[in-house]
Amino acid sequence: MNTLPAPTADDRAAWSHIDAADLRARADADLGTAWPQPLASQAARVHRDGDRVPWENPAFARQHRLSRAVVAAAVTLDDQWIDEVVDGVQLLCEQSSWCWPAHDDTFDRHGSVLATVTDPFLDLGAGEVVAQLAWIDHVLGTQLDARAPGIRSRIRHEAQVRVFRPFIERRDWHWLGLDGDVHNWNPWIHSAVLTAAVQLHEHPDHLIDLVVEGLDRYLVSLPDDGAIDEGYSYWWNGACRALEALDLLEYATDRSRRDLVGLRETVAFPHRCHLGGDWYANLADGQARPPADLPWHALHRAARRIGDADAAAHAASHRAAPPSEFAGLGRLVQELTDADWLAAAPAASPLPRDVWLPSTQVLLAREQAGSAAGLGLVVKGGHNAEHHNHNDVGSFIVTSDGVPVIVDAGRPTYTKATFGPDRYEIWTMQSAWHNTPTIAGVDQSPGREFAASEVEASVTDAVSSLSLDLGATYALDELAWRRTAALDRTERVVRVSDAWHGPLSDGPTTLNLVVAGTVSALDDGIRVVPLDGATPVVIRWAAGIRSAHTVRLLDDPMLSDVWGERLTRIELDVSAHDRAWITVERDDATPGTGDSEDDR
């Protein structure tokens, strides 16, 4: 059996020439400083006030520092870097739990707010640590044996106790998908267990059989269009992890890969979500402007193997980005040593003119293929029990030059409440803070039954549109609400029209529009100057509809790093109507008339 698909530090032809100056500079700055230390009181906070960040930040920082040291050690073979790696490995081995406290079920099982070391929970965090240790063992095994005999045995012991044994003995892990609910945890953890098994376990066949069985549940759940209902951000730690696991499975065991339509198509999902520049359609728990340090090499590798030239070009458009430790050590090692990736010339993202994903009922359209210039439109149907769901059926995004103007806010920093019964108390999850109507004072409800119906997509050279009924997404009897959102390329306008009937007398009915940028009032609408210097747009609606503005100030970096200090919600009161429309057009003129919202 082979081990992991990258050269070890003994291969000097592969490692001695690697520069990675930015990464090495960060590693140099670490030397002589105290290692980050996650504390018990920080772990307990998850149960006290729901705050995950105080424990997670130092835990993640410790692993990032260790990854930087591994690269420095592999490049230089300098004893100071080997010692740094040994220190980091030992700290991880002595950490009471590798599980992220927000995931641990120890409180339910044992009444403890701290990890129960005799009953370890196998989650994403444990998977990340064991995979990192496996890669360290692979890359620096010879050097660790020479510098710190016994440390590799300690790695294997901890892997056995914290990962292998729980994986085999406890088969009620929710992420296995035995109930048919398969999400990104499945391939993320299975790929980590596989990595550790082939490197650290003496007889891994049973572990590998269980990994294959579990991965199959995820793979067969992929729709034929390759879409991920968790959204673009989670593709990297869902479908991408599955693709990486299949590569490793074939490399290490010679087991053949599965040939599924959805598996081939999901490689295209990232570029099908691309709006332009560094902006993406961020449905579900995602950021419209994701972090810059995504593992583009992993996409490029998958695209090469699948044979998707467009996906490979999209990945290669990020070829100039410096290598980063933040996506995991295994991805970093492969990025630094993959000759095909290193030789890839920077390319242009394909930016397809139209994308229709029937499994998630998402339509993306732009004025012309290959260019973000002009207007763009994203519309979604679906239902309100999607993974990482927001109540957003019928919501839409409008872009100018690829920059979102009518936007999906995305997610805030995760807390314990994010994945608990209070999820929809969080404003970013509510339909009232998406581009959906509030009907008779009622917003959309969570649940599989709250779904779009009569969904019709139409794509022509002149117009691309999605039409759907939203009535069933509201807990209102006998409601019909037809929404049609269209990009008209001939007239260079986005139109969203609504028509409805039902018992709407119990409260106000408003159309909500969440916009990013500087908002100015016009006689018949508003003018928005978008972020990033994109061309301004004018949003208009029918005469006689009253409007109000609500400004949401942003103090969470997960949101403010994307949108700046504020988002503005436009509320159009259509209580006295049974139909309404808005239009969005670009405005290339100098700033329009009206007072700035900031002066109101």
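What follows is calculated from the coordinates using simple rules that are stated; it is not laboratory data. Given the structure is predicted, the values throughout are model-derived calculations rather than measurements. FYI the Cβ positions are ideal-geometry reconstructions off the backbone, even for glycines, and counts take in every protein chain you see.
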| remark: From DSSP H assignment alone, runs of 4+ in the chain each adding -39500 (n - 2.57), the sum over residues rounded to the nearest 500 puts [θ] at 222 nm at -10500 deg cm²/dmol
| request: Arrange ASP30, ASP22, ASP179, ASP87 by Cβ neighbour counts within 10 Å, fewest through most, would you? | output: ASP179, ASP22, ASP87, ASP30
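How would you rank ILE570, ILE426, ILE406, going from fewest to most other Cβ atoms within 10 Å of each one's own Cβ?
Taking fewest neighbouring Cβ atoms as first place, the list is ILE426, ILE570, ILE406.
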| query | Does anyone have the angle between helix 205-221 and the longest principal axis of the chain? Alpha-carbon axes, 0 to 90°, nearest 10? | reply | 10 degrees
| field | Reported label for calculated volume of the Cα convex hull per residue in Å³ given (i) 170; (ii) 149; (iii) 159 | value | (iii)
| remark: Toy charge model, Lys and Arg Cβ at +1, Asp and Glu Cβ at -1: the range 470-600 dipole around Cα centroid in debye, rounded to 20, equals 400 debye
| query | Helix 53-76 sits at what angle to the longest principal axis of the chain, using alpha carbons and giving 0 to 90 degrees rounded to 10? | reply | 50 degrees
| remark: Beyond 33 Å, the calculated P(r) of the range 12-343 holds a percent of Cα-Cα pairs equal to 25 percent
| message | With 10 angstrom as the radius, rank LYS416, LYS380 by how many other C-beta atoms surround their C-beta, starting from the fewest. | response | LYS416, LYS380
| remark: When the charge dipole of the chain is computed with +1 at the Cβ of Lys and Arg and -1 at the Cβ of Asp and Glu, the Cα pointing farthest to the positive end, of LEU248, VAL378, THR337, is that of THR337
| Highest-first arrangement of 452-463, 48-59, where packing means the average Cβ count within 10 Å | 48-59, 452-463
